[in-house]
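What follows is a single structure, written as structure tokens, with notes after it.
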Amino acid sequence: MVDAATRSSPPRNRESGELLVLGVESTAHTFGASVVSSRPPYVLSDVRSQYKPSKGGILPREAAAFLAENAPGVVSRALEEAGVGPGELDAIAVSLGPGMGPSLRVGATVARALASRYGLPIVPVNHAVAHIEIARFLTGLRDPLVLYVAGGNTTVMSHVAGRYRVFGETLDIALGNLLDTFAREAGIAPPYIVGGEHAVDRCAAGGKYVKGMPYVVKGQDVSFSGLLTTSLKLLRKGFRLSDVCYTLREIAFSSVVEVAERGLAHTGKDSIILTGGVAANRILNEKVRLMALEQGARFEPIEARFCGDNGVMIAITGLLAYAHGVSLDTPRKALIRQRWRPDEVDAPWYPLTLRDL
Amino acid sequence: MVSFDAERLIEWVRSLELVKRGAESEIRVGSFMGLEAVFKLRVPKPYMDPELDLELRSFRTRREAKAMAAAISGGVRAPRVYAVFPSAGLIVMERIKGPLLKERLQVHGDHGHLLHEAGGMLARLHRAGLVHGDPTTSNYIVAETGMLYLIDYGLSSFSTSIEDRAVDIHLFRRALESTHATIAQEAFTNFMEGYKRVMGEEAGKVEERAEEIRLRGRYVEKRRTIWGRTL
């Protein structure tokens, strides 16, 4: 751990009433740590280390081993870059779910150890809620409809009566999972993303629409497993890879945007945010922009580097929660929850963002 | 159909009086061969591939028109379909004039018979092999003749599964609770009486499943559990 005497940045003069929170993210393939302040410039550090399988997909045990190996360095660097000693923190925020058990355990262990050693309270953070909070913080949209698309999640949410409620979601696999699995099975990945572009997007260039692939929107929910199976079947039948990639992507993106469109009409919200790993996708951003324009809703894209998993979003959410009295009374209670749904989490800070504290 | 025709048709329909714009379609009113008609137009989505968009709109238009026709044959009072133009995403149908059930329920009085009839009509739809997909109090019209109509088959599909039927019941209940909170309990009891009367024995299973859906957690906070522990 970083000693106050050895840190590289000058010590910060703390303003009165300033809160400092360390955020720890460790739900899947990324170990991230960040120190966030309740005062500008808010984000004092953002350090991450991402596990990238050389072949195949994420193996939970391998990912967890990678995270455990990198965790101490990442946390130390985050404190160092922020110029904050662990003893100066007000709280430690950690994403306790939803996510992969082995990965979650790494983050929870690190948070419990730090909290015990320095006598700090732990603030439990829901990973999905954190993706929303960083998007609200960056865009300044206080009360938006949320389209959260990632490797393990595809959900349309909005805040009603104290919580983020699920309006629609995937009935089977997530959008990112669909793209990655198809790319892997089709032999065009890993690497999944090069230069900010997904392998499926790269292959879709010049592709043409293939009729008859399944487009499944059931009321407010989407389903992708049939689309995945059909796409792979068509490939085996000799359909052009670029055509299948193009159609798969068009159907998948259109269906989530359509559910979001229904969500806007139903909830009456006048703005929309796109967040989560797949939110970095330029084509999806363009579709959401066009839909929002048609519905008369505001849309602000967020920077690609804050779409994927990071410690900043955990720290931001943790700070908001901590400032509103949310924390565990003992590190022992910092238990992971693989299936922790965002609509189980009270969000007493809403509609405030970090900038309003 | 030639796409040129569809475009001209759409252009003409869009000159009619707009009464409602939903997420999926525009509802306009006008005259069709001398009859007062509702024009339901599924508008192209700018964010979709044009071929996908056309495929979806024409599929959904056709499915909706078929559902309406099947509903009427099954004894459900639904608007009559005058004409269908799948490639234009257009259904022309009978115009039913009158307040929505939602508006009627907001006026004080005894609405028992209306809810009873609403339940019976949903049961007739189910017996016809269909589910509605969006049965709310905004999708029933109390016609000027006093008769109740079930409208908007945009999300309906051909299904006889208990689950899909139960979702309909659940959706209606949720609509009552969110829009007519003070009378929801009694209204739902009346609705279910009407439903059971038409549905007969099968109604029991559907009702049971609807209660199960309600408690699945997705919709109800207080019964949410993780690994058997109530939160």
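No value in this document is a laboratory result; all are computed from the given coordinates. All figures in this text were calculated on a predicted structure; none of them were measured in a lab. Every residue, glycine as well, gets a Cβ built from its backbone with ideal geometry; the counts of neighbours run over all protein chains shown.
As a length-normalised measure over Cα pairs under 8 Å and 6 or more apart, the relative contact order of the stretch B:11-99 settles at 25 percent. Using the Stokes-Einstein relation with a Kirkwood hydrodynamic radius computed over Cα pairs, the translational diffusion coefficient of the stretch B:101-227 at 25 °C and a viscosity of 0.890 mPa s comes to 166 µm²/s.
The residue list A:92, A:57, A:45 was ranked by how far each Cα lies along the charge dipole of the stretch A:28-123 toward its positive end, using unit charges on Cβ atoms, and A:57 comes out on top. Of the three principal axes defined by the Cα atoms of the stretch A:296-341, the extents in descending order read 45, 24, 20 Å.
Over the C-alpha trace of the protein assembly as shown, radius of gyration and Dmax come out as 26.5, 89 angstrom. For chain B, the relative contact order comes to 16 percent (Cα pairs under 8 Å, sequence separation of at least 6).
Can you give the Kirkwood hydrodynamic radius for the stretch B:20-166, in Å, rounded to one decimal and based on Cα pairs?
Working: mean 1/r = 0.0624 Å⁻¹.
Hydrodynamic radius (Kirkwood, Cα only) of the stretch B:20-166 equals 16.0 Å.
Straight-line reach from residue A:333: taking Cα to Cα under 20 Å and skipping same-chain neighbours fewer than 8 places apart, no lysines fall in range.
About the Cα centre, and with charges only on the beta carbon of Lys, Arg (+1) and Asp, Glu (-1), how big is the dipole of the stretch A:237-357? Nearest 20 debye, please. Don't jump to the answer; show the numbers that get you there.
Details: 16 positive and 15 negative charges, 84 e Å.
With Lys and Arg at +1 and Asp and Glu at -1, about 400 debye.
Between B:78, B:48, B:93, the Cα set farthest toward the positive side of the dipole of the stretch B:4-94 (charges on each charged residue's Cβ, about the Cα centre) is that of B:78.
Reported to the nearest whole Å, the Cα centre-to-centre distance from the stretch A:282-337 to the stretch B:63-115 is 42.
Which of A:237/A:287; B:20/B:102; A:211/B:45; A:208/B:45; A:208/A:233 have a Cα-Cα distance over 21 Å? Show your work: numbers first, answer last.
On the way: A:237/A:287 30 Å; B:20/B:102 16 Å; A:211/B:45 17 Å; A:208/B:45 18 Å; A:208/A:233 17 Å.
Too far apart for the 21 Å limit: A:237/A:287.
For a straight C-alpha distance cut-off of 23 angstrom, the lysines reachable from residue B:205 (same-chain residues fewer than eight places away being disregarded) are A:218, B:196. Taking the square roots of 5 times each eigenvalue of the Cα gyration tensor of the stretch B:4-94, largest first, gives ellipsoid semi-axes of 21, 17, 11 Å. Mean separation of Cα pairs under 8 Å and 6 or more residues apart, divided by the residue count, gives chain A a relative contact order of 25 percent.
Measuring from each cysteine beta-carbon in chain A, the ones with no other cysteine beta-carbon under 4.7 angstrom are A:307.
Dividing the alpha-carbon radius of gyration of the stretch A:141-299 by 2.2 N^0.38 Å (N being the number of residues), what value is obtained? Could you put the intermediate results ahead of the total?
Details: Rg = 15.5 Å, N = 159, 2.2 N^0.38 = 15.1 Å.
Against the empirical 2.2 N^0.38 Å value, I get 1.03 for the stretch A:141-299.
For the protein assembly as shown, the Cβ-based charge dipole about the Cα centre amounts to some 840 debye (Lys, Arg positive; Asp, Glu negative; other atoms uncharged).
Of B:123, B:159, B:109, which is farthest along the charge dipole of the stretch B:101-227 in the positive direction, counting Lys and Arg as +1 and Asp and Glu as -1 at C-beta? The one lying farthest along the dipole's positive direction is B:159. The local environment of residue B:150, defined by Cβ-Cβ distances under 14 Å, has a net charge of -1 under the rule Lys, Arg +1 and Asp, Glu -1. Averaged over peptide B:40-48, the number of partner chain Cβ atoms lying within 10 Å of each residue's Cβ comes to 5.
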